[in-house]
Amino acid sequence: MHIVVCIKQVPDSAQIRVHPVTNTIMRQGVPTIINPYDLFALEEALRLRDKFGGEVTVLTMGPPMAEDSLRRALTYGADRAVLLTDRFFAGSDTLATSFALATAIARISEVYGKPEIVFTGKQTIDGDTAQVGPGIAKRLDLLQLTYVSKIGKLDLDGGSIEVERRAEGGVQVLKTRLPVLITMLEGTNDMRRGSMKDALRAARAEVVKWGAKDAGIEDMTKCGLRGSPTVVKRVFAPGGRTDKAEFITFTDKTPIEFGDELVEAIFKRQPAVEDDLIKHAHEFAAY
Amino acid sequence: MTQPPKPAAPAAAGRGNMKAELSDHFKQYKHVWVFIEQERGVVHPVSFELLGEARKLADKLGVEVAGVVCGAPGEATKMAAAEAFCYGADVVYLCEDPVLEHYRNEPYTKAMTDIVNTYKPEILLLGATTLGRDLAGSVATTLATGLTADCTELAVDADKSLGATRPTFGGSLLCTIYTLNYRPQMATIRPRVMAMPPRVDKPIGRIIEHRLDMAEDNIITKVLAFLPDRDSNKSNLAYADVVVAGGMGLGSPENFQLVKRLASTIGAEYGCSRPVVQKGWLTADRQIGQTGKTIRPKLYICAGISGAIQHRVGVEGADMIVAINTDKNAPIFEIAHVGIVADALKVLPALTEAFRRRLSPHNRDKLAS
Ligand SMILES: Cc1cc2nc3c(=O)[nH]c(=O)nc-3n(C[C@H](O)[C@H](O)[C@H](O)COP(=O)(O)OP(=O)(O)OC[C@H]3O[C@@H](n4cnc5c(N)ncnc54)[C@H](O)[C@@H]3O)c2cc1C
């Protein structure tokens, strides 16, 4: 079988700092990583390949340096890596991104074979939209399975798949037809470490690099800023509250005095909470 | 995306001059819509929160608020429609069909896109739930319009376009996004980000029924089963009136007993910061913040939490925040109403005791007499 996994190289947001004066992101020196949510998708794809045979192609759209993330994916065991990179893609929102990726996947199908499954992570840690996966599915007319927590029966001959999907208040068990797009829920597996053999292969492997034209994109107005219906007008740092906190000291009194003072301060500001708590206490005592 | 490694703001400023130029076709798009999320007979509260928000936007625009209700024919779906009026809808678009009994992407996407294409709303809001996000992405792609995910604030500009503000870069910055030249302007909003409007008893108003032409045979995805979460696993954090939370400052998983004890004394839900989940001290459904739950309690007590921006965005809707931290410069004090600079391991038991004394029915009766 053939599986395509879409990954994104993102700045390690734990290390992102905002410039205190200009309110701009200071990217310099911030290391990049594979979007952590995508690793669950990649691992799931590798497991299916190990079980059923076939190939895993990883695909990313990004600047030339996103090749690092693809190489990393190869060390984990992916068979092939495709980098979609072109200045026309700059400034893409979710709609333009899913257009470019979907077109590239269609091209991958022609060149390397039609995938039974396209995987993405649940969302990215820099954009957090969770919309690119559904966008790709719609454009390629794939059945869409989001927030998948478990892949059940996969019947390649019959062309069907069963999955468990996280829904509000429970888990949906769904059965559908291949090919599908799956966005994988986090925490569903642990990324393998990758073998020495894969590490050696990854170091030498060629990453396929496609510009917009190579990927089969003809309509450039659907790419990048021009292809993005949304416009970012303003970027700013979140403001704090203007009134200052009231501080209650602790060490200069007994715990009882302190406790009473704090409870008093809470109830004075929030009388409604006092009523709620008393009601609760009475119900509790009634048991 | 393929951005050169340079600051975000200048790039954004470059696009900021774009002006709305709506085509005549899109000028017909009017009114503010909310997708009413209803499953197994229960409306997700986020839908009512969004009706409250839609009302504010509609009043500014001088237009109507509509709810869109999809579901299987029957009482539950009708009830959802009736409730929408009580939370402020002027109109309800109702699509009843057996294929809509359980949420599935295919029939719901078709229902929504058909209704939008027929009745043309200028704004469409959905809850950023697993259902809402699954649906919104498909609908926006089908309609080829803009979608702003996980918004924390919505506003109408002087030129009547929707400004949707959302956190970006892991919450370190906020950005305001517009869909200038396409309609509808779509946004998803997480539960509890917007305040719940009051429910007012109202008769059922104008209902516009929409027929979905779709046979079950033509829908490929089948729901085999639904496994509800066990109650013991469920935290009701998002909708709790009082929340007590602990962070890494508590030092060990055992010390979370202090948080749980305070919570059970006052009937509160308990939660935590993200690293606590990552350490495995508590389960993920207890996490509060940008990648966890957004809460809006009347009272939020947090101990040993530094107040990183990703945590703050999840708690800023609280009416009152009490923060306990040994570091007087901890950022949590910037948003706290009452601060205690002291060891949480000592403060929590003292506070628990004080609440217990104060709330014991015996003591209250004495106080009252
Ligand atoms: C993309 C992204 C998403 C994130 N999402 C979330 C999220 O949803 N929710 C979230 O919470 N975080 C989130 N984070 C993590 C966030 O940035 C912080 O790292 C985290 O909130 C810090 O947790 P903490 O305050 O418990 O721990 P620390 O930052 O380690 O703070 C511990 C605090 O405890 C205090 N302390 C120490 N000892 C004591 C004591 N004895 N008594 C009282 N106080 C004491 C210290 O002064 C300190 O302020 C996210 C980060 C990223 C990058």
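The values are calculated or read from the model by the stated rules, or taken from the named source; none is laboratory data. In this text, all values refer to a predicted model and were calculated from it rather than measured experimentally. Using ideal geometry, Cβ is built from the backbone for each residue, glycine included, and neighbour counts are taken over all protein chains shown. Calculation scope for accessible area: heavy atoms of the full protein, side chains included, ligands and nucleic acids excluded. Shrake-Rupley method; radii C 1.70, N 1.55, O 1.52, S 1.80 Å.
Quick notes on this structure:
- Spatial separation of Cα centroids for segment A:113-137 and segment B:277-351, in angstrom: 33 Å
- Beta-bridge orientation, the protein assembly as shown: approximately 35 percent antiparallel, per DSSP, counting only bridges with both partners inside.
- Computed with a 1.4 angstrom probe on protein heavy atoms, the A-B interface buries about 8700 square angstrom of accessible area in total.
- The simple spin-label model puts a point 7 Å past each Cα toward its Cβ; for B:Ala158 and B:Gln257 those points are separated by 6.2 nm.
- Using R0 = 35 Å, the C-beta based FRET efficiency linking A:Glu246 and B:Ile204 works out to 0.15.
- Whether the protein assembly as shown is rounded, prolate or oblate, judged on the alpha carbon gyration tensor where a/c under 1.5 counts as rounded: prolate
- For the peptides A:147-155, B:115-123, the ranking by packing is B:115-123, A:147-155, with the highest mean count of neighbouring Cβ atoms within 10 Å listed first.
- Shielding by other protein chains, B:335-342, mean Cβ within 10 Å: 6
- Inter-chain Cβ neighbour average for residues A:134-140, partner chain, 10 Å: 5
- Centroid-to-centroid separation of segment B:97-118 and segment A:43-86 [C-alpha atoms, Å]: 35 Å
- Rounded, prolate or oblate (a/c below 1.5 giving rounded, otherwise prolate when a/b exceeds b/c) for segment B:22-218 by Cα gyration tensor: rounded
- For segment A:153-167, the Karplus equation 6.51 cos²θ - 1.76 cosθ + 1.60, evaluated at θ = phi - 60°, returns couplings of 5, 10, 10, 5, 5, x, x, 9, 9, 10, 9, 9, 10, 5, 10 Hz by residue, with Gly and Pro reported as x.
- Relative packing of peptides B:140-152, B:61-73 - highest average C-beta neighbours within 10 Å first: B:140-152, B:61-73
- Under a Gaussian network description of chain A, with springs only between Cα atoms under 10 Å, the residue in A:Thr75, A:Thr85, A:Thr221 that fluctuates furthest is A:Thr221.
- Where only DSSP H runs of four or more residues are counted, the protein assembly as shown gives -10000 deg cm²/dmol as its mean residue ellipticity at 222 nm, each run worth -39500 (n - 2.57).
- Solvent-accessible heavy-atom area per residue, rounded to whole Å², over segment A:1-117 at 1.4 Å: 37 Å²
- Net charge, A:Met220 excluded, C-beta distance under 15 Å - Lys, Arg +1, Asp, Glu -1: 0
- DSSP assigns beta bridges within segment B:22-218; of those with both partners inside it, close to 30 percent run antiparallel.
- Sorting B:301-309, A:226-234 by average packing, meaning the other beta carbons within 10 Å per residue, from highest down gives B:301-309, A:226-234.
- Taking every protein chain into account, the accessible area of segment B:161-232 amounts to 49 square angstrom per residue (probe 1.4 Å).
- Per residue, the accessible area of segment A:166-267 comes to 54 Å², computed with a 1.4 Å probe over protein heavy atoms only.
- In chain A, the DSSP beta bridges split such that about 40 percent are antiparallel, to the nearest 5.
- Centre separation in Å (Cα based) which lies between segment A:196-238 and segment B:188-258: 34 Å
- Computed in the context of the full set of protein chains, the accessible area of chain B at 1.4 Å probe radius has 52% of its extent on carbon or sulfur.
- Cα shape, segment A:238-287, gyration tensor, a/c 1.5 rule: oblate
- Number of partner chain Cβ atoms within 10 Å, mean per residue of B:345-357: 5
- Percent carbon-and-sulfur accessible area, segment A:2-227, ignoring ligands, DNA and RNA, probe 1.4 Å: 50 percent
- Computed from the C-beta positions of A:Met220 and A:Leu156 and an R0 of 35 Å, the FRET efficiency is 0.40 to the nearest 0.05.
- For chain A, the longest site-free run once GluC sites (Glu not before Pro) in DSSP loop states with at most 12 other Cβ atoms within 10 Å are removed: A:1-205
- Accessible surface of segment A:238-287, 1.4 Å probe, proportion on carbon and sulfur as whole %: 59 percent
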